[in-house]
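Asker: Below is one structure. I have some questions about it.
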Amino acid sequence: MDLAADARSAAGPEESWYLEAAFTPGTRLGTRHDDPATPVRVVEVREVATIRIPSGRLVVDAPWPQEDGPDLRTRVGRELAERIPAGVFRMEAAWTEAPYEFMGERFDGRELAAVRLRITEAPVTRWEMALGVGDDIERIHPGKRVGFETETNMGSFADAVAWPVLTDPFLEFWRGFRTGNRQPRHTESLFDGAFERVADDEHGADLVAFDAEGSSVVWLGRTKTGAVASVAVACGYHLFAREPSF
């Protein structure tokens, strides 16, 4: 079955609009929930890292371990069913601002709106929900969205083969935290801690973590030929009242 043509995985008009608009500086995405007079605008889009994916198998998931038993275990990362070419890819992030005042102090209301992995520079002509390995399109009703779950407000892009090694700093940190040994994580801080990077030179692979909340859908941006040009997560999709124009 051609998943790209299946209505159950296709992005709706509002979702498609947001995925394009979030990466267009100056675009008004909506207004603050608590102040309809204050617009939420895209203020910056920039590259935050490059990520090595030598296996062509991409995980998009929270890097933290599972804690559903007496012993912490490495999370089984949600690997996308769609393979990408092996290579090094640019990760970009988009931020919005919606100024507000609190207790007499003014804040810029800066938030992460979306992140994406640029697979090619070709234009995206359609968006679809990325299925994970093991997901069954036949069990997904139109309008239902599946993705990764996070209780730690964090997601990540990473190579699937190197996933256990790349997530080890998060596992070790949590083990120490539970025993009262609060040592810093052995990760590289990017953009003053807004992102974290782990590199594994043995595999020649990387993980870059970003802010995410709750249930996050992963989107594939396809070209007119059906090739994947972009893998995106709309981090700020529920943070404000949207006013899309489509």
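Asker: So the check is Cβ under 6 Å with 6+ separation or different chains; which pairs have a first residue in segment 74-94 that's closer than 19 Å to residue 49 by Cβ and a second one that's of a type in the set (Phe, Trp, Tyr) and assigned to a loop (DSSP other than H, G, I, E, B)?
Answerer: If the second residue must be of a type in the set (Phe, Trp, Tyr) and assigned to a loop (DSSP other than H, G, I, E, B), the pairs left are 94/23.
Asker: Taking residue 63, is it more than 17 Å from residue 221 (Cα to Cα), in contact with a helix residue (DSSP H, G or I) (Cβ under 9 Å, 6 or more places away or on another chain) and surrounded by 16 or more Cβ atoms within 10 Å (Cβ to Cβ)?
Answerer: yes
Asker: Mind telling me which of the residues 27, 50, 38 ends up being at negative phi and free of Cβ contacts under 8 Å to residues at least 40 places away in the same chain?
Answerer: The unique qualifying residue is 27.
Asker: If a residue must be surrounded by fewer than 19 Cβ atoms within 10 Å (Cβ to Cβ) and in contact (Cβ under 8 Å) with a residue 24 or more places away in the chain, how many such residues does segment 95-108 contain?
Answerer: 3
Asker: Something else: Taking segment 167-198, which residues are of a type in the set (Gly, Ala, Ser) and without any contact (Cβ under 8 Å) to a residue 24 or more places away in the chain?
Answerer: Passing the criteria: 176, 180, 189, 193.
Asker: Filtering segment 17-57 down to residues that are among the small types (Gly, Ala, Ser) and under 28 Å from residue 196 (Cα atoms), which residue is surrounded by the fewest Cβ atoms within 10 Å (Cβ to Cβ)?
Answerer: Applying the filter and picking the extreme gives 26.
Asker: If you take the residues of segment 87-106 that are over 24 Å from the mean Cα position of the chain (by Cα) and not in a strand (DSSP E or B), which of them is modelled with the highest pLDDT?
Answerer: 99
Asker: Which one of these does residue 137 not meet: (1) aliphatic (A, V, I, L, M); (2) farther than 23 Å from residue 229 by Cβ; (3) modelled with pLDDT under 95?
Answerer: Tallying (1) aliphatic (A, V, I, L, M); (2) farther than 23 Å from residue 229 by Cβ; (3) modelled with pLDDT under 95, residue 137 fails exactly one: (2).
Asker: Counting just the residues of segment 165-210 that are of a type in the set (D, E, K, R) and at pLDDT 95 or above, which one comes out surrounded by the most Cβ atoms within 10 Å (Cβ to Cβ)?
Answerer: 206
The values are calculated or read from the model by the stated rules, or taken from the named source; none is laboratory data. These numbers come from a predicted model, not from an experiment. All Cβ positions, glycine included, derive from the backbone under ideal geometry; neighbour counts span all protein chains shown.
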